[in-house]
Every structure is written in C-alpha cells, then in structure tokens.
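Read through the structure below, which is laid out as structure tokens, and then see the notes.
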Amino acid sequence: MSFDDILLNIISRLDGERYKHAAFHLMKGKRSGQTLQDTEYYGLHPFFGMLPSLHAMDFDRAYRSLLDSGFIEEKEDRSVFLTPSGRGRASEMSPTRLNGWAYRGMEKVFFARLALTVQTVSHLSAGDKTFMPVSADPAVQRDVRRLFTSVLKGIKPKDIAFEIRSSLETTGMEEARLARLVARLTGKGMSGMTWRQLSEVTGMTEMDLKVECVESLHIWLDTIFAHPSPLLSELAKGVRTSSPLTGSAEKTAELYRAGMTMPEIATRRNLRMSTIEDHFVEIAINDSDFPLHHFAADEEVKAVRQEADRLSTRKLSVLKKAFPELSYFQLRLILARLGKEGNESERDDSARPDRPAQTGNRI
C-alpha cells in the first residue's frame with residue numbers, strides 16, 4: 001500500500017470529522033488526548049505511530065496529490081472528506097497489515113539490531129574483526145554484543161541464515177517484497193542500499209518504500225511473536241509495547257488509584273491540568289473499568305451518546321453547543337468511552353489484520 005493510499009485510508013475513517021493534521025499527528029504517534037481518542041473511536045490503531053519521523057513536507061505532498069487527483073476535498077471549516085471517486089478508490093484498497101499501535105516506531109530498533117548482527121556475522125565469518133558498524137547507537141551495539149556472548153555463542157552462520165530465512169518465509173510476503181527488505185542489510189563486501197538507490201532500482205518512491213518497509217517489519221514481528229525462534233526473539237525483545245499507556249499517564253493512573261484528586265496529581269507532578277486531563281482521556285480509552293460516573297452523570301453520558309449518534313459526529317465543538325453545561329473534558333471522556341465500548345462490542349472484528357486486538361489497562 002502506497003503512502004498516498006495509507007493517507008486516503010485514514011481520511012476515509014475520519015471522513016469529514018477532522019482536519020488534515022489529525023492524520024499527520026496520528027501517523028507520528030502524537031500522545032495527545034484528541035489523537036488517542038481518534039485512534040480508538042475510528043479504529044485507526046494500525047496507523048498510530050507508524051512514522052514517528054514523518055516530515056510535514058512529505059505529508060503535505062501526499063495530501064496535495066490526493067486533492068489534485070480529486071479523491072478528497074475540504075469543507076469551509078477545512079475539515080477533509082472523501083469525494084465519490086475517493087470512496088471508490090478507498091473501497092478498492094486491500095487491508096493493511098500495519099500494526100502501529102503495537103510497535104510505535106520500535107520496529108526500527110529491531111531492524112537496527114538485525115542489521116548489525118548480520119553485518120557482524122558476515123565479517124567475522126570472513127575473519128575480519130575490524131569494520132565500521134552500520135549502527136552507531138550504543139544501545140543497539142550493546143544488545144548485539146550481548147547476543148554474541150549468549151544466544152549466538154557457538155552457532156554457525158549458516159544456522160543463523162536458516163533461522164532468518166525460515167522466519168521470513170513464514171510471513172507469507174512475496175519474494176519481491178522480501179528482496180526489497182533485505183536489500184537494506186549490509187554484509188562483508190556488500191553495502192545495504194539507500195532509499196534513493198532502492199527507489200532507482202525498483203521504480204517506487206522513497207516514501208512508498210519506507211511505508212512498505214514499516215509494514216513488512218510489522219508483519220515479520222507479528223510472525224516472530226507468534227512463532228518464536230532463538231535469535232529473532234532476542235532481537236525483537238522490547239519492541240512491542242507492553243502497556244497501552246505512556247509512562248507519564250501510567251504514573252497519573254497510579255496516583256489516582258491511590259486516592260489523589262486531579263488537582264492534587266497536577267500539583268504533585270508539577271504538570272498543567274490540561275496535561276492531567278489528557279492522561280485521564282488516555283486512561284479512559286484503555287481501561288475497560290474506567291469510572292466514568294465519577295466525572296459525568298449517567299443521564300448526561302446517555303444524552304451525549306444519543307446526540308453524537310443522531311448527528312453522526314464526534315466533533316467536540318458541535319457537541320459543546322448541544323451541551324454547554326458540560327466541560328470539554330467531560331465530553332472528551334464520554335467520547336473516549338463511547339469509542340472504547342463501541343470497539344469492544346465488535347470483538348469479532350478485532351482479529352482482522354487491519355484491526356489489532358486491544359488490551360485494557362485497569363485503573
């Protein structure tokens with residue numbers, strides 16, 4: 001799936017409800033309450049944090065391409081929606097196998113470890129103990145060095161190659177795609193290809209190659225976790241998120257569980273109340289037992305949900321006009337739970353490749 005198609009896919013789910021920057025923040029994995037809420041309600045988990053280093057210029061180029069192609073248009077308020085031709089194009093796209101919610105850019109760490117391991121094995125097999133490592137990251141070098149004193153100790157290079165090849169074959173990815181993935185690896189007398197070189201050889205744009213690489217690594221990592229193997233399981237350690245909450249939100253949740261109020265938490269942590277509110281929205285999204293009744297009366301929650309469904313909108317500005325007595329924070333919490341419960345009611349769909357299963361984190 002091309003980068004343009006990824007963007008069109010995201011816009012199709014946000015259809016008319018958000019500005020273009022909502023998609024940009026989503027792909028970069030912004031941990032704001034709004035982005036997390038959008039991720040949950042619109043089922044955008046595959047794309048969350050898929051490109052943490054995404055440059056605004058690359059995003060705008062793709063967005064402009066969709067506009068020029070007539071697939072999307074903007075309303076007067078600048079929110080973006082799909083045109084009839086855009087809907088047709090979106091309906092033709094095959095499901096994505098991205099799993100951004102689970103990896104959030106950490107697939108790069110896995111690949112860096114893999115690349116350095118392959119390079120090291122290649123050079124040592126040729127009797128060369130002096131070479132320029134492909135990764136200058138001290139943490140990556142430390143991880144790989146540890147591998148050679150544990151998992152890889154006494155293991156023959158051909159066995160390592162067999163494990164990698166067998167795992168890749170298990171993913172079911174086509175040969176051409178696998179060739180593009182491994183073309184980035186470096187060995188003795190062979191340098192990994194740059195994005196520009198790979199683009200020139202394949203005819204694909206650099207941006208599309210990067211998106212394909214991320215998706216390929218997600219597919220491979222999902223396979224590794226499903227079918228563990230000695231080396232690859234070690235290389236994949238720590239790349240999959242163990243908790244849906246950020247570290248900061250988890251600290252807020254711990255203090256709330258200990259009986260502290262929101263103002264007390266803000267004071268204790270020396271954080272703005274708006275930041276604490278973002279944490280609570282994040283917690284509400286991920287905690288199936290979140291005590292929403294502590295923040296809004298049951299009848300208020302029911303009324304907001306009914307109005308949101310009646311208007312087919314999740315826009316805070318629209319709902320605020322309908323419920324001026326409720327704060328934006330209360331509305332955000334209600335919508336967060338609405339999205340969570342909506343997704344929980346569709347558990348049969350959660351196993352689809354483009355809709356990874358979610359795990360609750362109780363407060």
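Any lysines with Cα under 26 Å of the Lys302 Cα? List them, leaving off those in the same chain fewer than 8 positions away.
Lys315, Lys320, Lys321, Lys340
Is region 37-127 rounded, prolate or oblate when judged by the Cα gyration tensor, a ≥ b ≥ c being the square roots of its eigenvalues, rounded requiring a/c under 1.5 and prolate requiring a/b larger than b/c?
Values: a/c = 2.77, a/b = 2.41, b/c = 1.15.
Note, shape of region 37-127 comes out prolate.
Just order 189-195, 47-53, 223-229 by mean Cβ neighbour count inside 10 Å, highest at the front, would you? Mind showing how you got there, number by number?
On the way: 189-195: 13.3, 47-53: 20.9, 223-229: 14.9.
Descending mean neighbour count gives 47-53, 223-229, 189-195.
Provide the FRET efficiency to the nearest 0.05 for the Leu124-Phe162 pair, computing r from the beta carbons and using R0 = 30 Å.
Given R0 = 30 Å and the Cβ-Cβ separation, E is 0.95.
Here are labelled values, (1) 26, 52, 21, 1; (2) 25, 50, 25, 0; (3) 27, 46, 21, 5, 0, and one is the computed P(r) over Cα pairs in 20 Å bins from 0, in percent for what I pasted. Which one?
So the structure-derived entry is (1).
Across region 105-223, how many lysine pairs, 8 or more positions apart or on different chains, have C-alpha atoms separated by under 28 Å? Please give the number.
For region 105-223, the number of qualifying lysine pairs is 14.
Mind checking the full-extension length gain between Arg257 and Glu175? Use 0.36 nm per residue of separation minus the Cα-Cα distance, one decimal, nm.
Values: separation 82, 0.36 × 82 = 29.52 nm, distance 5.07 nm.
The Arg257-Glu175 span can extend by a further 24.5 nm.
I want to check the label-to-label distance for Asn270 and Val201. Put each point 7 Å from Cα in the C-beta direction and report it in nm to one decimal.
Taking the simple label geometry, Asn270 and Val201 are separated by 5.1 nm.
What do you get for GluC sites (Glu not before Pro) in region 1-86 restricted to DSSP loop and a cutoff of at most 10 other Cβ within 10 Å of the site's Cβ?
Working: sites: Glu17, Glu40, Glu73, Glu74, Glu76; in loops: Glu17, Glu76.
Answer by residue number: Glu76.
Among rounded, prolate and oblate, which fits region 69-214 when a ≥ b ≥ c are the square roots of the eigenvalues of its C-alpha gyration tensor, a/c under 1.5 means rounded, and a/b larger than b/c means prolate?
On the way: a/c = 2.47, a/b = 2.38, b/c = 1.04.
Because a/c hits 1.5 or more and a/b exceeds b/c, region 69-214 counts as prolate.
Please give me, ordered by residue number, the trypsin sites (Lys or Arg not before Pro) of region 260-304 that lie in loop per DSSP and have at most 13 other Cβ atoms within 10 Å. Present the calculation step by step, with values, prior to reporting the outcome.
Numbers: sites: Arg268, Arg269, Arg272, Lys302; in loops: Arg272.
Hits after loop and neighbour filter: Arg272.
Can you tell me the 0 to 90 degree angle between the C-alpha axis of helix 328-344 and the longest principal axis of the chain, rounded to 10?
Once rounded, one gets 60 degrees.
So, with +1 on the Cβ of K and R and -1 on the Cβ of D and E, and no other charges, what is the size of the charge dipole of the chain about its Cα centre, to the nearest 20 debye? Don't skip to the answer; put the middle values down first.
On the way: 51 positive and 50 negative charges, 251 e Å.
Dipole of the chain, to the nearest 20 debye: 1200 debye.
Computed FRET efficiency, Cβ-Cβ of Met190 and Ala136, R0 25 Å: what is it to the nearest 0.05?
On the way: r = 20 Å, r/R0 = 0.78.
Using R0 = 25 Å, I get an efficiency of 0.80.
Could you give the angle, 0 to 90 degrees to the nearest 10, between helix 247-257's Cα long axis and the longest principal axis of the Cα atoms of the chain?
With rounding to tens, the tilt is 40 degrees.
Which aspartates and glutamates does Lys75 reach when only Cα atoms under 12 Å apart count, and residues fewer than 8 places away in its own chain are ignored?
Filter leaves Asp15, Glu17.
Heavy-atom accessible area per residue, the chain, 1.4 Å probe: how many Å²? It would help to have the intermediate numbers written out before the result.
Numbers: 17720 Å² over 363 residues.
Solvent-accessible surface per residue comes out at 49 Å².
Which value in nm describes the separation of the simple spin-label points at Ser53 and Leu316, placed 7 Å from the Cα toward the beta carbon?
Going from the Ser53 label point to the Leu316 one covers 3.2 nm.
Counting only helical runs of four or more DSSP H residues, what would the 222 nm mean residue ellipticity of the chain come to if each run contributes -39,500 (n - 2.57) and the total is spread over all its residues? Provide the component values of the computation, followed by the final result.
Working: 19 runs with 213 residues, N = 363.
Helix-only estimate at 222 nm: -18000 deg cm²/dmol.
In region 103-147, which residues have a backbone nitrogen under 18 Å from the label point lying 7 Å from Lys153's Cα in the Cα-to-Cβ direction?
121, 142-147
At 7 Å along Cα-to-Cβ for each site, give me the label-to-label distance between Ser32 and Arg145 in nm.
4.1 nm
Counting alpha carbon pairs within less than 8 Å and at least 6 residues apart, what relative contact order, in whole percent, applies to the chain? Let's see the in-between values first.
On the way: 430 pairs, mean separation 79.0, N = 363.
Computed over the chain, the figure is 22 percent.
By its C-alpha gyration tensor, with a ≥ b ≥ c as the square roots of the eigenvalues, how is region 243-282 shaped: rounded for a/c under 1.5, else prolate for a/b larger than b/c, else oblate?
Because a/c hits 1.5 or more and a/b fails to exceed b/c, region 243-282 counts as oblate.
Using the alpha-carbon atoms, what tilt in degrees (0 to 90, nearest 10) does helix 138-147 show relative to the longest principal axis of the chain?
60 degrees
The values are calculated or read from the model by the stated rules, or taken from the named source; none is laboratory data. Just so you know, these numbers come straight off a predicted model, no measurement behind them. Quick reminder, even Gly has a Cβ in these numbers, built from the backbone with ideal geometry, and neighbours come from all protein chains shown. Ligands, DNA and RNA are stripped out before the accessible areas are found, and what is left, the full protein with its side chains, is counted by its heavy atoms. Shrake-Rupley method; radii C 1.70, N 1.55, O 1.52, S 1.80 Å.
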